[in-house]
Amino acid sequence: MKTLQYWVVRLVLSTPAWAPFYAKLLDLGAPRLRRVALRNLELAGYPEAERRGIADGVFTSIGRLIRGFAFFPRLDRANVHEWIRYEGLENFTSAKARGRGVLVATAHLGNWELSAFAHAWMTAPMYVVIRPLDNPRIDALVERLRTLSGNRLIGKKELIANFWQGAAVTDNAVVQCIKEIRRALLAFSPEKPVRKIRREGTNSKEKERSDPCSGVEFMPSAQWLACGLR
């Protein structure tokens, strides 16, 4: 089964023009995903009339993510700006200039794979915390693509071993640390801690407003002391 899954992924990544179709297949073939999305939107208080459109947009976004991921081997420092743009980069550079490193708190919004990948080409490589995929062959394929721009991937076990050296740390402690980071971000900007820049252009009928790039925005850095961070 895992071998079949691997070759399906290889097929998908080798035919990026079909990415919207593959996203639609995912929607139809795994209906639980849409049910969960609709339920979460209900819990979040979205009106019933809006939920379907938002859920549709999620799968459209997945199609864009698949296409962008498939193109990673063709991206480099010279052409990555054709795919993505920064807003608020000065917030990152000013935080880095303090000399204490920068912890970037992100979420699975928009083209999250492209934003991390492109950051290495547009500024400098960084460490990316990931959870290894259950299929070892797919995990190796995805890791190879993710690191083409120079980023280094760190699994949870490696994070625990190196970040909290000499201390007894469990998975629950890592989860609690993430919660503390989220609280800090909410305290810093309670109304809108995260803003996604929507991609326009590919499916936009308003050609004069067309923008072929995805976007990533760096918000001003938050200040906190938590989880052993100093």
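Throughout, read-outs are computed from the coordinates displayed, never taken from laboratory work. Quick caveat, the model's predicted, so the values are computed rather than measured. Methodologically, a virtual Cβ is constructed for each residue, glycine included, from the backbone with ideal geometry; neighbour enumeration extends over all protein chains shown.
Could you grab the relative contact order for segment 1-67? Cα pairs under 8 Å, six or more apart, rounded to a whole percent.
Once normalised by length, the contact order is 46 percent.
Could you work out the local net charge near Ala140, counting Lys and Arg as +1, Asp and Glu as -1, over the other residues with Cβ closer than 14 Å to its Cβ?
Surrounding charge for Ala140 is +2.
Taking 0.36 nm per residue of sequence separation and subtracting the Cα-Cα distance, how much length would be gained by fully extending the chain between Ala161 and Thr93, in nm to one decimal?
That pair, Ala161 and Thr93, stretches by 21.7 nm at full extension.
Please find the FRET efficiency linking Leu38 to Val102, where r is the Cβ-Cβ separation and R0 is fixed at 30 Å, and quote it to the nearest 0.05.
Approximately 0.25, to the nearest 0.05.
Let a ≥ b ≥ c be the square roots of the eigenvalues of the Cα gyration tensor of segment 1-70; is it rounded (a/c under 1.5), or, if not, prolate (a/b larger than b/c) or oblate?
Note, shape of segment 1-70 comes out prolate.
Using only the Cα atoms of segment 15-108, build the gyration tensor, take square roots of its eigenvalues as a ≥ b ≥ c, and label the shape rounded, prolate or oblate: rounded if a/c is under 1.5, else prolate if a/b is larger than b/c, else oblate.
oblate
Of Lys2/Lys179; Lys96/Lys179; Lys2/Lys24; Lys2/Lys156, which sit over 31 Å apart, Cα to Cα?
Distance filter (> 31 Å) returns Lys2/Lys179.
What FRET efficiency comes out for the pair Ala30/Glu82, r = Cβ-Cβ distance, R0 = 35 Å, nearest 0.05?
That gives a FRET efficiency of 0.60.
Given Cβ point charges of +1 (Lys, Arg) and -1 (Asp, Glu) and nothing else, what value in debye, to the nearest 20, does the dipole of segment 1-70 about its Cα centre take?
Using only the charged Cβ atoms, the result is roughly 260 debye.
Find the relative contact order for segment 1-142 and round it to a whole percent, using C-alpha pairs within less than 8 Å whose residues are 6+ positions apart.
RCO, segment 1-142: 31 percent.
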